[in-house]
1. Could you tell me the extents of region 166-252's C-alpha atoms along the three principal axes, largest first, rounded to whole Å?
2. Pop the C-beta distance of residue 313 and residue 334 into the FRET formula with R0 = 25 Å and round what comes out to the nearest 0.05.
3. Quick one: pull the percentage of alpha-carbon pairs in region 478-581 with a separation above 22 Å.
4. Can you run the Rg to Rh ratio on region 532-614? Use alpha carbon positions and the Kirkwood inverse-distance Rh.
5. Counting other beta carbons within 10 Å of each Cβ, put 744, 517 in order, fewest first.
6. Can you divide the C-alpha Rg of region 712-828 by 2.2 N^0.38 Å and report the result to two decimal places?
7. Using only Cα atoms, find the angle between the long axis of helix 321-334 and the longest principal axis of the chain, and express it within 0 to 90 degrees, rounded to the nearest 10.
8. What FRET efficiency would be calculated for the residue pair residue 780, residue 511, taking the C-beta separation as r and a Förster radius of 25 Å, to the nearest 0.05?
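Rule-based calculations on the coordinates, nothing more; no lab input. It should be emphasised that the depicted structure is a prediction, and the values quoted were computed from it without experimental measurement. Here the Cβ is made from the backbone with ideal geometry for all residues, glycine too, and neighbour counts use every protein chain on show.
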């Protein structure tokens, strides 16, 4: 209906139409189905099909006629008895219905008025008279014409049930009037004026809020009580809906604040975005929710995730908190919760991979194979926390990658050098601007697996300042008993790190705090021997540099002698990092020759190495001759591996002054003073004239004065040098030593034994003096490292001097002379 039709309809229903006077008379007369007789109505009537409307007897409604067939019917009836049959269409969208498209039960109607509206449409006002059923279709053209049978209605009078139904219908109608503000208040007056129960049911059936199908069902019922009962049921449902709607509206309109206003505007914006083909936040939230349903996370994580999504839907997308909340749920759904890669339990394959990628490092490889073996049998093992420590360039970091390859796990590397902010580990709280999770959680998100191999590189170089102590933050990460419930400040939820295989690397353990060191299994990764370096160069370094410089295997090759020369004369390290750089220089020189089409020799020889790299950078570390007293070879550990250390001692006439040079640290100075004190106490047994301590100055020097030196390893070396210079006895050739001393002459054990042995072998040392308690270190070293070296294990300094000092004196010994006063006092 148009707006004009609606206004006219309400006027008709309320008896407020200002047209002809006989209209009001028709509504108020008791001219309903109960008083009219069938013989007053024709058996053949034209049928008008209407949309979305069901006409009941006694009810007046306006109908707009627009179809040509309907206009012809109305004009024909207007000229005759003005009676037409009105039937509802089954499908209101049907423009040209047939007999099958209209209901067979309808209402006979009388045309009261025909009005031509300003827009050209024709509106007829009709009143229902009698229900009928189509028995035979006569024709469809020019309009529907049918033979009908009029239906009688059984409605007992003066029945208590009828009265109760009538009262219930009116109460329900009044309730609807109260709940629906759109119905005019005058409708109550109209209801009060209706005293006929049949007409009351027809009037209410016509005006209830129900679909055409339901109204048609009411029209087809012959039993008045049954119809009234079904009508009351429809009205009660309508009341329930109106009450619910009223309750919702009261809640909505109670306090419509700015947030609610924004919500309504967003809903409108959502409709506009849909029309424009743009996606709103709801679609993004729904996608995240669907992804969350597939996650295997703990129950509390799922609850928090859905809670955050619901909060996002209530937010204004332009609010500052919106991207923070959205980023938080994206981090939650991107993290691997209980998502694991399958471990490869082929131990032979794992050993092959480890041996292929790394020469040596047997202790580390054995530990990884043990871990795999336990995991294969148990199938559920907390990830161990290994700490590989050793000099730079020995393959600690790349070893982690090989372990990941052997296990078939994802590989993560996190560099900790210079990290000083605790929030880098545990993340920032969401209250901070630009908050984000810590690097642990970020890397787990990148790995997309809950059991990766996680390399914590350079853990010994963590620093701390006013922003926090990251090494303390690692106490939770690297504790097998705690990291199954690691809490990141950003997530504020427990995350399981227990299945992660953590591998930390360090150059030294001295800078690690004891609590953190206690949580890790320490595995020492020592330097490589000459033979191992040659193999590493052949298998890894040369092919890598060749590939990086665009050469093929046929373009260049290295002889073993050339590699040995590079290792001995151009590098001095435990690892192979400098070796790789020197090989790269040689390869670049050959690349230049190929690019400039110069002739070159494909086989690299030692002579070519010297021509390309220039003069030797390092002299071979060999012991210094023992023709002079006071020169002893010691062994030292540095961050780049082991080195031999020469300690020189000399005496000169003076007043017993001690001079130390060579940038010695406090520990080495104390070792020198301890050695002198011990020799003074044992001077007689060593055949040392005690007067030399007062009348001769002692100078101890360690060459390479620009390099700082410190540590306890030079204790017995200094004592031997001082004893040699005071006794003028030769030191055994090709001998080196390392160990700490006490005032009582006890020799104490020291560390870095393997690196020191490698340095000794490089220098051509044949005898090494060690503390007896260092025998346990020798037992763990591969025999190939020990070949060609004799070891002397001692407990006391006297044993050291017996081994190191020969009976014979040097070729030109110092002639000790003492002043006269001292001689006289000695004679007395």
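1. That gives 44, 28, 19 Å along the principal axes, largest extent first.
2. 0.80
3. 56 percent
4. 0.93
5. Ranked by crowding around the Cβ, least crowded first: 744, 517.
6. So region 712-828 has a normalised radius of gyration of 1.30.
7. 70 degrees
8. 0.55
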